[in-house]
Amino acid sequence: MQKVAIVALGCPKNIVEAEYLLGIFKNKGFEISDNLDEADIAVVHTCSFIKTAKKESEKSIRDVLDIKKKTGLRVYVSGCLPQLLKEKMSTFFPNIDGFVGTGTLKNLPELIFNKSFGKFLFQPGGLNNSSHRLLSSSIPSAYLKIAEGCNHRCSFCIVPVLRGDYKSRKIDSLVSEARALADSGIRELILVAQDTTSYGKDIYNAFALDKLLIKLSRIKELRWIRLLYAYPSSITDNLIAVFEAHKNICKYIDIPIQHISKSILSAMRRPLNTVAVIEKIKNKLPDIVLRTSIITGFPGETEKDINELIAFLNQGYFQYVGVFEYSNQKEADSSRLKKHVKNSVAKERRTLIEKTQYGIFKSKIDRMCGDTIDVLIESCLKKNNKYHIEGRSYFQSPEIDGNMMLTGDRPLVVGKFYKATIKGVSGYNVIVD
Ligand code: SF4
């Protein structure tokens, strides 16, 4: 039986696809391995959203090709990078055995077996659904990809080129996958898509995320249902009401705004009513925890724009802000804009925003000191007769918002929820006991 290993790079949507791919391979009789040195076949599932992601993908491919030199394993590359570069990729990596894009992932096993498929299979899209899914992590937390592609055309973004137009999955299909995940022990479900809040518009002619969330909230084993990648202008009153009404929907939303200056937002082709949307959410849900993403150094950005952004952040709407320096990609329309900002200036502005935001984050947690909250335990290691335990609370997404940290005399069970009291911060981690 052939052993296959997948290197999954990029965003949570890519992780879900890799888990579907693992499930499809297993179902076709492959043995799944996480050790590249013993694998017969390796798949590098790539990302090419921005320059740094492209570089990371190319480095991973080279690393796997180094193993190929030693073991002779067959190497296939899938996802956003081959979808972007197409046949050109084989000039950069002639020793790769096959390339599949984003919309042809499910055909990868055939491409491996069936030489008549040739070496290339490209089509924009995504692996949106599969009755076979192999979760890649042991913690009781899983992503649910509710749609693929995007109908927006933000000027700095190439995702619509790579992933095509917006395609929602049917509510029933998502609820049955969520049910199966809950039955397998998942207690936190994280909803992802390029834009989760446009869910349903294409198949139900109306925003239907609120209806999906209500159905998912009825799966009582799910303690936390979390929403990432909300798009400002498709936040409806019905959606906000669902957050109020359902206890197991986390009082947390990730809503990338990218900037606040109207001149920059219009150059980005992003909604101009972002301030009003954030204020509406905070007026209706004052205790909700918000995360956002910001780009610094977008063409045309001035000191005045950055000062406006800092003034807005200082109003304290967001607990977490991911800051990215503008990545100029020739495939994106923004590359043709004038007044590009020096990388060094983009970096300075990023540091300034990060410093500003850390102060805001710390003062929010300081105000929570003494509060008792639920913590989902994710690791428990014994060192020098003490247990070093990490977990997360409802206001922390995996890998991006820091962890809850505690040191104790007794072990806690990974995957279980415990009550803990907030004591303070250590960087972006929160100290509890
Ligand atoms: S909403 Fe904009 S940034 Fe996000 S995937 Fe769509 S086009 Fe890209």
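The values are calculated or read from the model by the stated rules, or taken from the named source; none is laboratory data. What you see is a predicted model; the values in this text were computed from it and never measured. All Cβ positions, glycine included, derive from the backbone under ideal geometry; neighbour counts span all protein chains shown. Only protein heavy atoms, including side chains, enter the accessible area calculation; ligands, DNA and RNA are left aside. Shrake-Rupley method; radii C 1.70, N 1.55, O 1.52, S 1.80 Å.
Only helices (runs of 4 or more DSSP H) whose full extent lies in region 139-223 are considered here, and the ones with at least 3 residues that are touching a residue at least 24 places away in the same chain (Cβ under 8 Å) and either touching a strand residue (DSSP E or B) at 6+ places or on another chain (Cβ under 7 Å) or open to solvent by less than 10 Å² (accessible area, probe 1.4 Å) (or both) are 171-183, 209-217.
For Asp183, state whether it is over 16 Å from Tyr143 (Cα atoms) and assigned by TED's automatic domain parsing to the domain that holds Ser293. The answer is no for Asp183. Here the condition is being without any contact (Cβ under 8 Å) to a residue 12 or more places away in the chain, farther than 14 Å from Thr197 by Cα and over 18 Å from the mean Cα position of the chain (by Cα); of Leu285, Leu265, it holds for Leu265 alone. Counting only helices (runs of 4 or more DSSP H) that fall entirely inside region 230-324 and contain at least 1 residues that are closer than 30 Å to Phe417 by Cβ and in the same structural domain as Arg350 (by TED's automatic domain parsing), the qualifying elements are 237-245, 274-284. Determine whether region 325-344 contains at least one residue that is closer than 30 Å to Met404 by Cβ and open to solvent by less than 20 Å² (accessible area, probe 1.4 Å). Looking through region 325-344, none of the residues is closer than 30 Å to Met404 by Cβ and open to solvent by less than 20 Å² (accessible area, probe 1.4 Å). Within region 122-139, being under 16 Å from Ala182 (Cα atoms) and more than 17 Å from the chain's Cα centre (by Cα) holds for Ser131, His132, Arg133, Leu134, Ser138.
Restricting attention to region 126-138, the residues that are surrounded by 20 or more Cβ atoms within 10 Å (Cβ to Cβ) and either of a type in the set (Gly, Ala, Ser) or away from the ligand (no atom under 16 Å from the Cβ) (or both) add up to 3.
Taking the criterion of being of a type in the set (Ser, Thr, Tyr), open to solvent by 40 Å² or more (accessible area, probe 1.4 Å) and not in a strand (DSSP E or B), would at least one residue in region 41-62 satisfy it? Yes, some residue in region 41-62 is of a type in the set (Ser, Thr, Tyr), open to solvent by 40 Å² or more (accessible area, probe 1.4 Å) and not in a strand (DSSP E or B). Of the residues in region 144-151, at least one is farther than 21 Å from Ser397 by Cβ and within 15 Å of the ligand (Cβ to nearest atom).
Leu108 fulfils the conditions (1) farther than 16 Å from Ala193 by Cα; (2) within 16 Å of the ligand (Cβ to nearest atom); (3) assigned to a helix (DSSP H, G or I) except for a single criterion, (2). Annotation note: Cβ proximity below 9 Å between a residue of region 234-245 that is open to solvent by 70 Å² or more (accessible area, probe 1.4 Å) and a residue that is among the hydrophobic types (A, V, I, L, M, F, W, C) (sequence gap 6+ or interchain) occurs for Asn238/Phe207; Asn238/Leu209; Glu244/Leu285; Ala245/Ile214. Of the strands (runs of 3 or more DSSP E) lying entirely inside region 345-433, those containing at least 1 residues that are basic (Lys, Arg) and outside the structural domain of Ile186 (by TED's automatic domain parsing) are 372-383, 386-392, 417-426.
In summary, Gly79 fulfils each of the numbered conditions (1) in the same structural domain as Asp40 (by TED's automatic domain parsing); (2) surrounded by fewer than 22 Cβ atoms within 10 Å (Cβ to Cβ) with the single exception of condition (2).
Residue pairs whose Cβ atoms lie under 7 Å apart, separated by 6 or more positions or on different chains, with the first residue in region 386-408 and closer than 19 Å to Cys11 by Cβ and the second open to solvent by 50 Å² or more (accessible area, probe 1.4 Å) and polar (S, T, N, Q), do not occur. Mind checking which residues of region 91-118 are small (Gly, Ala, Ser) and at pLDDT below 90? Those that are small (Gly, Ala, Ser) and at pLDDT below 90: Ser116, Gly118.
Leu36: buried (at least 18 other Cβ atoms within 10 Å of the Cβ), in contact with a helix residue (DSSP H, G or I) (Cβ under 7 Å, 6 or more places away or on another chain) and either of a type in the set (Phe, Trp, Tyr) or outside the structural domain of Glu177 (by TED's automatic domain parsing) (or both), yes or no? Spelling it out, Leu36 is indeed buried (at least 18 other Cβ atoms within 10 Å of the Cβ), in contact with a helix residue (DSSP H, G or I) (Cβ under 7 Å, 6 or more places away or on another chain) and either of a type in the set (Phe, Trp, Tyr) or outside the structural domain of Glu177 (by TED's automatic domain parsing) (or both).
Residues that are touching a Pro at 6+ places or on another chain (Cβ under 6 Å) and within 16 Å of the ligand (Cβ to nearest atom): does region 202-220 have at least one? Within region 202-220 (the criterion being touching a Pro at 6+ places or on another chain (Cβ under 6 Å) and within 16 Å of the ligand (Cβ to nearest atom)), the answer is no, since none of the residues qualifies.
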